[in-house]
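The values are calculated or read from the model by the stated rules, or taken from the named source; none is laboratory data. Not measured: the values here are computed from a predicted model. All Cβ positions, even for glycine, are placed from backbone atoms using ideal geometry, and neighbour counts span all protein chains on display.
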Amino acid sequence: MTTESPRWFKSSYSGNGGQCIEVAANIPGAIPVRDSKAPNGPALTFSANGWSSFVAAVKDGEFPA
C-alpha cells in the first residue's frame with residue numbers, strides 16, 4: 001500500500017467550459033479519477049488495465065457525447 005498523496009492533473013483539453021476530470025498517475029497500480037469541480041469529493045480508482053481500456057473505448061467513440 002502506498003502512502004503517497006495523488007498528484008492531480010487536468011487534460012490539456014480542460015478549457016471546455018468546466019466539464020473536466022482530473023487524473024493522478026503517481027499511485028502505483030491505481031489510477032484515481034475525480035471531478036475537477038469537486039476536488040474534495042469522491043474519486044474513482046481504476047486498475048491500470050481498466051483505465052487503458054476505458055481510454056481506448058473513448059477514443060474509439062464507444063461513448064458518444
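Remarks
- Conditions (1) basic (Lys, Arg); (2) more than 11 Å from the chain's Cα centre (by Cα); (3) modelled with pLDDT of 90 or more; number of the one not met by Lys37: (3)
- The range 52-65 residues that are within 19 Å of Ile31 (Cβ to Cβ) and charged (D, E, K, R), paired with ones that are at pLDDT 90 or above and in a loop (DSSP other than H, G, I, E, B) (beta carbon under 7 Å, 6 or more apart): none
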